[in-house]
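Note sheet for the following structure.
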Amino acid sequence: MSEREFPREELDFRLCVTSGQVFRFVECGGSVWRGVDGGDVIEASHESGGRWRVRSFPDPAAADRFLRAEVRLADVVRRIVELEPSWKPLVDRFPGLRVLRQARADETLFSFLCTVNNHLSRIHRLVQTLGSFGECVGDGLFRFPVAGAIAEIGESRLREMGFGYRARTITAVAQELVARGEDWLPSLKSMPYEEAVRALCDLPGVGRKVADCVCLFGLGFDEAVPVDVHLWRATAERFFPDWVGKSLTEHRYRAVGDYYREKFGRLAGFAHQYLFYDSIQRGRRGRETKRPRR
């Protein structure tokens, strides 16, 4: 099992796996994080000096693919700040925040179907529950189940396990993926970005935001910009002041994504992740200040 070491400015593993990109990683104690991507276990330990040591098995190259080790984050950060200087406080605030790439786009799709109108702790629980229907790869870790196995769980059982109305969509999407064949979803990688989005939105219950998440984190479209309510509010405050306080319509969703793509090009997905996570953190800090003191 080979290992790779990353300096702090190139990787903050904890930050990456807790920033709303993936949901099957947990802290195991002693500054060690462990989870599964597809069928590979990935483990990272926080070393002295802020470095991270990362390993994966059974495929020793899985961690590099997951973290996109071929991308030099320093170059990405420098280019983002060149294109939009107001991003410098964001990239300085979150050094080592990378855009991840999951091995299987179907895992990305089913994970983000669990995020609809949901909060982070519950999303983690639902995705972990769904993952537990896959093959055990040791220590309570599971290979993510294929679409056919998810379809067999059934809507009623998913509802019993707390998926709520999402159970219907998850089951319907699983059945549709089975009908289309296992090669259909990976084949979207070869399409132009907008065509891939339209194809994903043709699945039952899949909207633009989930489609963009699949494109960015599962299919390799770095120009994808998932726009949720957090990113919408933060972007409106910065670039669309006339839209502050207004709802996120389909037209505004597209306008925001197009704005990021025009400004950042292929780095739109990376740039969005910094502002998205910052808006999440600001929301958490706001809730903390509103809690009554004991």
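The values are calculated or read from the model by the stated rules, or taken from the named source; none is laboratory data. It should be emphasised that the depicted structure is a prediction, and the values quoted were computed from it without experimental measurement. Cβ placement follows ideal geometry from the backbone for every residue including glycine, while neighbour counts extend to all protein chains displayed.
Any chance you could count how many residues in the stretch 262-276 are charged (D, E, K, R) and within 22 Å of residue 16 (Cα to Cα)?
As a first pass, look at the stretch 262-276 and keep what is charged (D, E, K, R): 262-263, 266.
Now drop any that are not within 22 Å of residue 16 (Cα to Cα), which leaves 266.
Qualifying residue count, the stretch 262-276: 1.
Inspect all residues belonging to the stretch 216-227 and state whether any of them is in a helix (DSSP H, G or I), at pLDDT 95 or above and touching a Gly at 6+ places or on another chain (Cβ under 7 Å).
Yes; the residues of the stretch 216-227 include at least one that is in a helix (DSSP H, G or I), at pLDDT 95 or above and touching a Gly at 6+ places or on another chain (Cβ under 7 Å).
Residues to consider are 4, 34, 55, 14; find the one that is under 22 Å from residue 91 (Cα atoms) and either in the same structural domain as residue 279 (by TED's automatic domain parsing) or in contact (Cβ under 8 Å) with a residue 12 or more places away in the chain (or both).
The conditions single out 14.
It is to be established whether one or more residues within the stretch 209-232 are of a type in the set (A, V, I, L, M, F, W, C) and surrounded by fewer than 18 Cβ atoms within 10 Å (Cβ to Cβ).
Scanning the stretch 209-232 turns up at least one residue that is of a type in the set (A, V, I, L, M, F, W, C) and surrounded by fewer than 18 Cβ atoms within 10 Å (Cβ to Cβ).
Please find, within the stretch 50-89, the residue that is nearest to residue 271 (Cα to Cα) out of those that are within 19 Å of the chain's Cα centre (by Cα) and among the small types (Gly, Ala, Ser).
69
Identify, from the list 79, 55, the residue that is basic (Lys, Arg) and under 24 Å from residue 136 (Cβ atoms).
Answer to the check: 55.
If residue 238 passes every condition in (1) crowded, with 18+ Cβ neighbours inside 10 Å; (2) in the same structural domain as residue 262 (by TED's automatic domain parsing); (3) in contact (Cβ under 8 Å) with a residue 24 or more places away in the chain but one, which one does it miss?
It is condition (1) that residue 238 fails.
So which pairs qualify, if the first residue must be in the stretch 177-197 and touching a residue at least 40 places away in the same chain (Cβ under 8 Å), the second must be aromatic (Phe, Trp, Tyr) and part of a helix (DSSP H, G or I), the Cβ gap must be under 8 Å, and the two must be at least 6 apart or on different chains?
Sorted first by the residue in the stretch 177-197, then by its partner, the pairs are 177/184.
Across the stretch 79-103, which residue is surrounded by the most Cβ atoms within 10 Å (Cβ to Cβ) among those that are charged (D, E, K, R) and under 30 Å from residue 35 (Cα atoms)?
Here the answer is 98.
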